[in-house]
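Everything on this sheet refers to the single structure shown next.
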Amino acid sequence: MGRMKRGEIYKLQREGGILTGGILTYEHFFAYWEDCGKNYHGVMITHGTDVKFANNIALREEHIKPGYYFHWDNSYFVAHRFIKDIPKRKLIKCGELTEDGISFIESKIEGMPTDTYIEYIKRLAHPK
């Protein structure tokens, strides 16, 4: 895999019908954001809108480039930057954000914490 670029949308490859890594928390699509040492930051894309995920922010159709497997479908992003520790070779590029989509997300996640997904879920379960 070549160099990842901000706004490219990825999903974990499936091997024999099981997600590589075997961790359910990696089933969501995510937009690559930036490198961070041996890991990288990503922004999770989801459909979750229930009360537990009330801070998720709606994307608009014009935020997603057409012509890819990933397309806008009442999509949201989690207003959080996640530390991704998945080897890049286990990812499949399946979409891209438009420049407007990148700018929109940047405006919403500036100053937001950066955590692993597990740390994020723990924070949701036990808010301060």
Exercise. Where in segment 32-128 are there chymotrypsin sites (Phe, Trp or Tyr not before Pro) that are in a DSSP coil and have at most 11 other Cβ atoms within 10 angstrom of their Cβ?
Worked result: Y69
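Per the 1.4 Å probe, what fraction of the accessible area of segment 48-119, in percent, lies on carbon and sulfur atoms?
Numbers: 2140 of 4250 Å².
It is 50 percent, rounded to a whole number.
Restrict the search to segment 76-128; then list the GluC sites (Glu not before Pro) that DSSP places in a loop and that have at most 14 other Cβ atoms within 10 Å of their Cβ. Mind dumping the intermediate values first?
Working: sites: E96, E99, E106, E110, E119; in loops: E110.
Sparse-neighbourhood loop GluC sites (Glu not before Pro): E110.
The values are calculated or read from the model by the stated rules, or taken from the named source; none is laboratory data. Just so it is clear, the model here is predicted, and its values are computed rather than measured. A quick note on method: Cβ atoms are made from the backbone with ideal geometry, for glycine too, and the neighbour counts reach across all protein chains shown. When the accessible area is computed, the model is the full protein with side chains, heavy atoms only, and any ligands, DNA or RNA have been set aside. Shrake-Rupley method; radii C 1.70, N 1.55, O 1.52, S 1.80 Å.
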